[in-house]
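Here's the structure, in structure tokens; my notes come after.
Nothing in this text is a laboratory measurement; each read-out follows from the coordinates by a stated rule. All values reported here derive from a predicted model rather than from experimental measurement. All Cβ positions, glycine included, derive from the backbone under ideal geometry; neighbour counts span all protein chains shown.
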Amino acid sequence: MANLITIARFPVLVAAVLLLYTAAPLTRLISVVLLVVLIGLDTLDGVVARARNETSLMGSVLDIMADRAVELVLWVCYADLRLIPVAIPIVFVLRGTVVDSLRSVTVRVGKAPFKGMRSRTGAWLVGSPLMRTTYGLSKFVSFTGLALTHVLGACAAQPGSHVSGESVRSLLAVFAVTSWVAVGLCLLRGLPVIIEALPSPSTYQGTRRSTMR
């Protein structure tokens, strides 16, 4: 059941994106509702997995896959709609490619992606409830806020609207800040994965000794 909920996020994501690209304020507003549902499903699948004892390696991989699909697609769409600078999706694409490739090594040995950290600091940054919740909230605020600003932009474009272009630009500036906060947290949580994947000095020494023999 938990995995089905995770997979259900993909069609919801597609529907939300399609509605984001419509011109009518109402259909854009529906996309905001779908984004709330989309992020809510991310919480629901974890609750169901724990309640039904369905936690598994495959479930954790599917969860990260869905999270990555959601964030990358939305950041790219928001950049395409000129709501955020293109630098933001570039950072997320690069970070996601590097970190997920390194995590695949952990998965091959049967460990869940968030369980592969060796240091306490790394484990806290990557997998602690505080960091995961803070990161999730930064994305939730940014994704829904940018979509809502997009709705107001459509309203402002209509004749006789009470929504001003200035208010839309002010909101956009606020959610640009929350988006950069999400970027910072994204890099902060990815850094321990990269650092712990680097060979230690002892590894180099062991390699040199074996070569000299």
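Listed values, structure above:
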quantity: Over the chain: helical MRE at 222 nm, DSSP H runs n ≥ 4 each giving -39500 (n - 2.57), nearest 500; calculated: -28500 deg cm²/dmol
quantity: Average Cα contact separation per residue, the range 2-199, under 8 Å, 6 or more apart, as relative contact order %; calculated: 25
quantity: Stretch gain in nm, segment residue 177-residue 195, where the contour uses 0.36 nm per residue and the Cα spacing is subtracted; calculated: 3.8 nm
quantity: Dipole magnitude (debye, nearest 20) for the range 2-199, charges at Cβ of Lys, Arg, Asp, Glu; calculated: 500
quantity: Spin-label model distance (nm) - residue 188 vs residue 120, 7 Å beyond Cα toward Cβ; calculated: 1.9
quantity: Per-residue ³J(HN,Hα) for the range 89-104, Karplus 6.51 cos²θ - 1.76 cosθ + 1.60, θ = phi - 60°, Hz, x for Gly and Pro; calculated: x, 4, 4, 5, 5, 5, 4, x, 5, 5, 5, 5, 5, 5, 5, 4
quantity: Whole-angstrom Cα spans of the range 1-49 along principal axes, big to small; calculated: 38, 14, 9
quantity: Mean projected area (nm²) of the alpha-carbon convex hull when the range 2-199 is viewed from all directions; calculated: 11.5
quantity: Gain on full stretching of the segment that runs from residue 133 to residue 55 - 0.36 nm per residue minus C-alpha separation; calculated: 26.2 nm
quantity: Per-pair calculated FRET efficiency, R0 = 45 Å: residue 104 and residue 15 via Cβ, rounded to 0.05; calculated: 0.95
quantity: Net length gained if the chain between residue 27 and residue 167 were fully extended (0.36 nm per residue, minus Cα distance); calculated: 48.3 nm
quantity: Highest-first arrangement of 133-142, 43-52, where packing means the average Cβ count within 10 Å; calculated: 133-142, 43-52
quantity: Pairwise label distance in nanometres, residue 69 with residue 157, each label 7 Å out on the Cα-Cβ vector; calculated: 2.9
quantity: Residue among 193, 128, 44 farthest towards the positive dipole end of the chain, charges placed on Cβ; calculated: 193
quantity: Positive-pole candidate from 34, 138, 58, dipole of the chain, charges at beta carbon; calculated: 58
quantity: Neighbour-count order for 150, 162, fewest beta carbons within 10 angstrom listed first; calculated: 162, 150
quantity: Karplus 3J(HN,Hα) series, Hz, for the range 32-41 with 6.51 cos²θ - 1.76 cosθ + 1.60 (x for Gly, Pro); calculated: 5, 4, 5, 5, 4, 4, 4, 6, x, 5
quantity: Gaussian network model of the chain, springs between alpha carbon atoms under 10 Å - residue of 19, 171, 94 with greatest fluctuation; calculated: 94
